[in-house]
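What follows is calculated from the coordinates using simple rules that are stated; it is not laboratory data. Predicted, not measured: the structure shown is a model, and the values here were computed from it. Heads up, the Cβs are rebuilt from the backbone with ideal geometry, glycines too, and the neighbour counts pull from every protein chain shown.
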Amino acid sequence: MKKTIQFRCLLGSHSLALATMLFTACSTNPTGSKPAADDAETFMTRAEKRYLAATIKDGRASWVQSNFITNDTESIAADAKENLIATIKELADESRQFNGLQLSPDVARKIKLLKLAVPLPAPSNPAEREELTRIAVNMESEYGKFEYCPEQPATDAAAAKPGQKSGAGEAKKKCLSLGDLETTMAESRDPEELKRAWLGWHKVSPQYRKDYGRFVELANKGANEMGFKDVGAMWRSNYDMEPDQFAAEMERLWLQVKPLYDSLHTYVRARLRQKYGDIVPANGPIPAHLLGNMWSQSWGNVYDIVKPATGAPTYDLTKILVAKKTDAKQMARYGEGFFTSLGFDPLPETFWQRSLFTKPQDRAVVCHASAWDIDNQKDVRLKMCIKINDEDFQTIHHELGHNYYQMAYAPQPPLYQNSANDGFHEAIGDAIALSVTPEYLKQIGLIAAAPPESADIGLLMKLALDKVAFLPFGYLVDQWRWKVFSSEIGPGDYNRAWWELREKYQNISPPTLRSEMDFDAGAKYHVAANVPYARYFLAHILQFQFHRSMCRDAGYKGPLNRCSIYGNKQVGEKLKKMLEIGQSRPWPEALKALTGEEKMDATAIIDYFAPLKTWLDEQNKAQPGEDGGSK
Ligand SMILES: [Zn+2]
């Protein structure tokens, strides 16, 4: 679901990514003389040079590894990643010599960005540092390699699926990877089978539950040494405001969208109850295994159960693309055409020469779609095993959003070559994808006529199952971690607190009784691999805010789900202005450059889904005695 992008992705999926928390503690000023503000300027020039060089090296190694997966390329990529993290850590430590000095705002900002560039701060004590690194690497790798091996042979249907290994020597014992279990979660409509898949995957994390407590302790020590109250406070410092203020912003945004989520939840619960009977309660939380996704974070896979009965017939873009004999490069050309219509330059020739567009027959590659920025200048690339279908058509528009962002901020100094805050990069790609409307498809000649408005509820429902259903989960993951890092949630309460938040925000319940023997938060990749999560929530809010304001600027007056900014050079000009800022200024300034607004505002997502909300509330009224709302 999340398309990763390569830029400065410091903790990618590589299990050795963390192995170089082992940096030397700061001893920076060999002469012993007191540093001056001027020295800080000199330091920063040198620091950015080293940072840039390490970034490019990492990018190249990682590109080759993703395009030719072998033991050797993995090892080379791990080395480059280690080197990058070590470099950042070393520079951040060196910069401490300027603590307390009156620095230029520019240098002060860059020092702050350096300090926040690695999400796992390590303590300076070598033994503790080593222990932290070992735990971090181990948790991520346990998560990555876990397979659920049921005692009973898997059902025939599951056993027939490819991609599973049989345990050596054990008759018929089938082991299931996360991918296998996710397929079951998406496709099965047998509640017992769904429960088994859910419980099976959640066996991944108890093994590192105890370690997680120690991990928190050690990482907090590192954060303290860097001047932060704890790791959660450090992460929240990444948003150009006080950590507590950022937490309040998240809560404010959540409360804006909660009524929309509640309406969707109530409706989906009623439809699931029709389908599954009493295992879905008439009121209260939905059992987590029935929503088509291992974490109940996006519900698109149950569209067939909840879709409106009166959905008007609509077009089939996949069929149209196939009938037109569209190939992978042509798919990407459509995406490029969207951006040139806004006044952006065509993609550089190297993009077409160096990108991966189709799945090679002769070697293993990472197929997960991603947008790359190899030299932090013009060498942008797409890596994607493009399929000729509707979904990939959207995805290409999304990925090129990343590439155009990268090219727009390329002239900035290295530490500013990033999105305004970490929610912006994903939000831009998604905002562009929101403009892939029937009207746009008509304009580029793919469909003859846009479907009637009566088709909108179905289209909006499909989108809401992904984008609206995600919001509470996007919020609560870090809510839980902030409280764990601040000790508000102690190691004896990890699971109880996790499920309290799951019920409070998502209004879902575990399929069976859970206990403190379990560690269900740790069954999410971003917890096991220590990747901050608030960015995904922000991206889901921001993309609609971008879309609404670009549509306003285009003079568009109709329903937002029918608006496309395609072809509007004036809007493109404004968008470019925001992208060019990169991370050089506090993000509210970038937001203002595009939207005229300085605050994140979730009323845009409310506006976008307004027709669906009305429809949902009518349906929910027709279900007497069943409440809306989560408690
Ligand atoms: Zn993306």
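Here are the numbers for the structure shown:
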quantity	calculated
Of the trypsin sites (Lys or Arg not before Pro) in the range 319-389, those whose Cβ has at most 10 other Cβ within 10 Å and which sit in DSSP loop	LYS325, ARG363
Euclidean distance between Cα centres, the range 532-576 to the range 86-151, Å	34
Inter-centroid distance (Cα atoms) of the range 434-450 relative to the range 209-256, Å	44
Contact order relative to length of the chain, as percent, for alpha carbon pairs under 8 angstrom and 6 or more apart	18
In the range 489-521, the GluC sites (Glu not before Pro) that fall in loop regions by DSSP, at most 15 other Cβ within 10 Å	GLU516
Where labels lie 7 Å past Cα in the beta-carbon direction, separation of TRP352 and LYS557 in nm	4.2
The chain: DSSP helices with Cα axial extent of at least 24 Å and average Kyte-Doolittle hydropathy no lower than -0.5	71-94, 456-485, 534-553
Lys, Arg +1 and Asp, Glu -1 on Cβ, resulting dipole of the chain about Cα centre, debye, nearest 20	720
DSSP-defined beta bridges in the chain - what % are antiparallel, rounded to 5	60
Sites matching GluC sites (Glu not before Pro) across the range 325-416 that sit in DSSP coil, with at most 15 neighbouring C-beta atoms within 10 Å	none
Dimensionless Rg over Rh [the range 224-279; C-alpha; Kirkwood]	1.32
Spin-label model distance (nm) - LYS483 vs LYS462, 7 Å beyond Cα toward Cβ	3.7
Radius of gyration and maximum dimension Dmax of the chain, Cα, Å	24.6, 79
Cα-projected label distance for VAL366 with LEU513, points at 7 Å along beta-carbon direction, nm	4.3
